[in-house]
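Have a look at the structure below before the remarks.
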Amino acid sequence: MASSWGVPRSMAEVHALLFVEGRSVNADELVLRLGISRGNASMTLRTLVDWGIVQRTHNKADRKDYYQAEQDVLTLFSTVIRVRKQREIDPLLALVGECRKAAAMVPRTGADQETTTRAGELDRKLNDIELFVCSANALATQFLSGDGGGIGALFGALEPRQ
């Protein structure tokens, strides 16, 4: 599933192991069980912690950091969607705004028919992209709550009535 979303294989494997285990695991165990390098494990764990889908805890007995994946599926997917929104949708909205500014600088008065037609096509395409991205952004914003309740409500509304 992660590879379909463009998530690196090792990150998906680390997260899957932590999720399936359902308990805290240290980096040494991840390295051993997955056959990945210590550096890869460290970078992957840092990313998963930054995303908010893995929590780091410290064990005073052996002075190692342990990691545990979020176990609630709705919270997990809400968090992933929130991060992807911040990394993909928000910058895309900003880029569309920049494209609009650049397109607005193209002189239209006194331009030939082809330039006028192409400028109109560009405006239409930018409008279509902006409408789609704004709709995706609004949907994501509406259904993302910190506890997964928003996406849970969406799925509840989609369940067939008995």
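The values are calculated or read from the model by the stated rules, or taken from the named source; none is laboratory data. All of these numbers come straight from a predicted model, not from anything done at the bench. Don't worry about glycine lacking a Cβ; one is built from the backbone with ideal geometry, like all the others, and counts go over all protein chains shown.
Can you tell me how many residues within segment 37-58 are under 13 Å from Leu18 (Cβ atoms) and out of contact with any strand residue (DSSP E or B) (no Cβ under 8 Å at 6 or more places or on another chain)?
Residues that pass the stated criteria total 4.
Go through the residues of segment 74-89 one by one and say whether even a single one is modelled with pLDDT of 85 or more, surrounded by 11 or more Cβ atoms within 10 Å (Cβ to Cβ) and over 29 Å from Asp50 (Cα atoms).
No: segment 74-89 contains no residue that is modelled with pLDDT of 85 or more, surrounded by 11 or more Cβ atoms within 10 Å (Cβ to Cβ) and over 29 Å from Asp50 (Cα atoms).
Quick one: is Pro107 in a loop (DSSP other than H, G, I, E, B) and either under 30 Å from Gly22 (Cα atoms) or outside the structural domain of Trp51 (by TED's automatic domain parsing) (or both)?
Here the answer is yes, as Pro107 does meet what is asked.
Checking Ala69 against (1) in contact with a helix residue (DSSP H, G or I) (Cβ under 7 Å, 6 or more places away or on another chain); (2) farther than 24 Å from Met43 by Cβ; (3) small (Gly, Ala, Ser), only one condition comes out false. Which one?
Here Ala69 clears every test but (2).
Tell me yes or no: at least one residue of segment 18-39 is under 30 Å from Phe132 (Cα atoms) and either crowded, with 16+ Cβ neighbours inside 10 Å or touching an Asp or Glu at 6+ places or on another chain (Cβ under 9 Å) (or both).
Among the residues of segment 18-39, not one is under 30 Å from Phe132 (Cα atoms) and either crowded, with 16+ Cβ neighbours inside 10 Å or touching an Asp or Glu at 6+ places or on another chain (Cβ under 9 Å) (or both), which makes the answer no.
Quick check: is even one residue across segment 66-74 within 19 Å of Ala136 (Cα to Cα) and within 15 Å of the chain's Cα centre (by Cα)?
yes
Working carefully through the options Ala41, Ala94, find the one that is modelled with pLDDT of 95 or more and more than 14 Å from the chain's Cα centre (by Cα).
The conditions single out Ala41.
What is the one condition in (1) closer than 28 Å to Thr141 by Cα; (2) among the hydrophobic types (A, V, I, L, M, F, W, C); (3) out of contact with any Phe, Trp or Tyr (no Cβ under 7 Å at 6 or more places or on another chain); (4) outside the structural domain of Asn137 (by TED's automatic domain parsing) that Cys99 does not satisfy?
(4)
Would you be able to say whether some residue in segment 125-138 is modelled with pLDDT of 75 or more and part of a loop (DSSP other than H, G, I, E, B)?
Checked against the condition, which is being modelled with pLDDT of 75 or more and part of a loop (DSSP other than H, G, I, E, B), segment 125-138 yields no hits at all.
Looking at (1) surrounded by 14 or more Cβ atoms within 10 Å (Cβ to Cβ); (2) more than 16 Å from the chain's Cα centre (by Cα); (3) in the same structural domain as Glu21 (by TED's automatic domain parsing); (4) modelled with pLDDT under 95, which is the only condition Gly52 fails?
Going through (1) surrounded by 14 or more Cβ atoms within 10 Å (Cβ to Cβ); (2) more than 16 Å from the chain's Cα centre (by Cα); (3) in the same structural domain as Glu21 (by TED's automatic domain parsing); (4) modelled with pLDDT under 95 one by one, Gly52 breaks only (2).
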